[in-house]
Amino acid sequence: QVQLVESGGGLVQAGGSLRLSCAASGRTISSYAMAWFRQAPGKEREFVAAISISGHNTKYADSVKGRFTISRDNAKSTVYLQMNSLKPEDGAVYYCAAQRIDTREYDYWGRGTQVTVSS
């Protein structure tokens, strides 16, 4: 089992930047592809970005492509989400998740970190 804890959220003006971190404990994240999801009030959880175990492959939602960058440091058991050119619609609780390569299910989730973007 792996435990995930997100951090780095906060209040930022539109056009600004934030860097989210997802720290893992219990087990190394080297066994998992990792992803970020977000959920805004009154909306369903949506996919934001994903990264392969090696870090060589990434995927992004169209809404964040070109603005957000996902990365990982397996030695530090940490996944990052660099968010630039933030828009008010980016405001949400951001969650980190770990995907099992055998089932491809996101079995492990953090509790989330709040991101608020003011206009």
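The values are calculated or read from the model by the stated rules, or taken from the named source; none is laboratory data. Predicted, not measured: the structure shown is a model, and the values here were computed from it. Please note: Cβ atoms are built from the backbone with ideal geometry, for glycine as well, and neighbour counts cover all protein chains shown. Keep in mind that these areas ignore ligands, DNA and RNA; they rest on the heavy atoms of the full protein, side chains included. Shrake-Rupley method; radii C 1.70, N 1.55, O 1.52, S 1.80 Å.
Quick one: which residue in 18, 11 is of a type in the set (A, V, I, L, M), at pLDDT 95 or above and open to solvent by 50 Å² or more (accessible area, probe 1.4 Å)?
Exactly one residue qualifies, and that residue is 11.
List the number of the failed condition for residue 23; all other conditions in (1) aliphatic (A, V, I, L, M); (2) over 14 Å from residue 109 (Cα atoms); (3) open to solvent by 30 Å² or more (accessible area, probe 1.4 Å); (4) in a strand (DSSP E or B) hold.
Result: residue 23 passes all but (2).
Looking only at region 21-33, count how many residues are hydroxyl-bearing (Ser, Thr, Tyr) and modelled with pLDDT of 95 or more.
1
Keeping to region 71-91, report how many residues are at positive phi and buried (at least 18 other Cβ atoms within 10 Å of the Cβ).
Selection size over region 71-91: 1.
Look at region 26-47 and say how many of its residues are crowded, with 20+ Cβ neighbours inside 10 Å and hydroxyl-bearing (Ser, Thr, Tyr).
Within region 26-47, residues that are crowded, with 20+ Cβ neighbours inside 10 Å and hydroxyl-bearing (Ser, Thr, Tyr) number 1.
I'd like to know if region 33-48 contains one or more residues that are within 14 Å of residue 84 (Cα to Cα), without any contact (Cβ under 8 Å) to a residue 60 or more places away in the chain and not acidic (Asp, Glu).
The answer is yes; a qualifying residue exists.
For region 48-66, indicate whether the set of residues that are open to solvent by 60 Å² or more (accessible area, probe 1.4 Å), at pLDDT 95 or above and assigned to a strand (DSSP E or B) is non-empty.
yes
I need the full set of residues from region 9-20 which are assigned to a strand (DSSP E or B) and aliphatic (A, V, I, L, M), in order please.
The answer is 11, 12, 18, 20.
Going through region 67-119 one residue at a time, which ones are touching a Ser or Thr at 6+ places or on another chain (Cβ under 8 Å), of a type in the set (D, E, K, R) and in a loop (DSSP other than H, G, I, E, B)?
67
Suppose the filter is among the hydroxyl-bearing types (Ser, Thr, Tyr) and in contact (Cβ under 8 Å) with a residue 24 or more places away in the chain; does residue 52 pass it?
So residue 52 does not fit the description; no.
Which numbered condition in (1) open to solvent by 60 Å² or more (accessible area, probe 1.4 Å); (2) in a strand (DSSP E or B) is the only one that residue 6 fails?
Among (1) open to solvent by 60 Å² or more (accessible area, probe 1.4 Å); (2) in a strand (DSSP E or B), residue 6 violates only (1).
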